[in-house]
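Remarks on the structure that follows.
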Amino acid sequence: MRRISIVQGEHAVVAEPDVVISTVLGSCIAVCIQDSVARIGGMNHFLLGEPGENQQVSAQDLQRYGLHAMELLINAMMRMGAVRARLKAHLYGGANIIAGLGPIGTSNAEFARRFLQTEGIPVGHVDVGGTHARRVEFMAYAGKARSTAVKDAPPLLIPIVPAAALGGELELF
């Protein structure tokens, strides 16, 4: 079996058996899509759903957003011969790993569900939420996906320093 690993901001599309697309997710989302007739499938991995209103995003950072990542994935599949009306999706990720950062994972999962519903792409298996990272493997040709919890990953810790310890000033960057 050949393995294609993707990371945040990437996608992969294949139309051959014995290939697995894989990624590891925290609050990010991976959407696996397949056309079961053409046997074409792909996966993306995005950081956030969409940029904030009036937020300037460089061209190189666009692929980190689900709005752009979904279009790239669907278009790449259609260039290989997939038919939009036959697409079916699986949805993974969206964990809320770092409590102090709010429900980023939940927001990402909600974006993905909304996008797929708006585009009329039915969703099969969904494994989102929780507080653990996930490893996702997608056999695109067969349309089969597997998601496993990564429980041995070290926790992501963000040190909280009281403002008084910083001289009363706090600089965000």
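Taking the centroid of alpha carbons for each part, segment 1-29 and segment 72-146 are 12 Å apart.
Nonpolar atom fraction for segment 17-154, defined as the carbon and sulfur part of the 1.4 Å probe accessible area, stands at 51 percent. Put a dot 7 Å past the Cα of M80, heading toward its Cβ, do the same for R3, and the two dots end up 1.9 nm apart. Length available on full extension from E119 to A142: 0.36 nm per residue minus the Cα-Cα distance, which gives 6.0 nm. Based on protein heavy atoms only, segment 17-57 ends up with 39 Å² per residue of surface accessible to a 1.4 Å probe.
The values are calculated or read from the model by the stated rules, or taken from the named source; none is laboratory data. Because the structure is predicted, anything quoted here is derived from the model rather than measured. Don't worry about glycine lacking a Cβ; one is built from the backbone with ideal geometry, like all the others, and counts go over all protein chains shown. Keep in mind that these areas ignore ligands, DNA and RNA; they rest on the heavy atoms of the full protein, side chains included. Shrake-Rupley method; radii C 1.70, N 1.55, O 1.52, S 1.80 Å.
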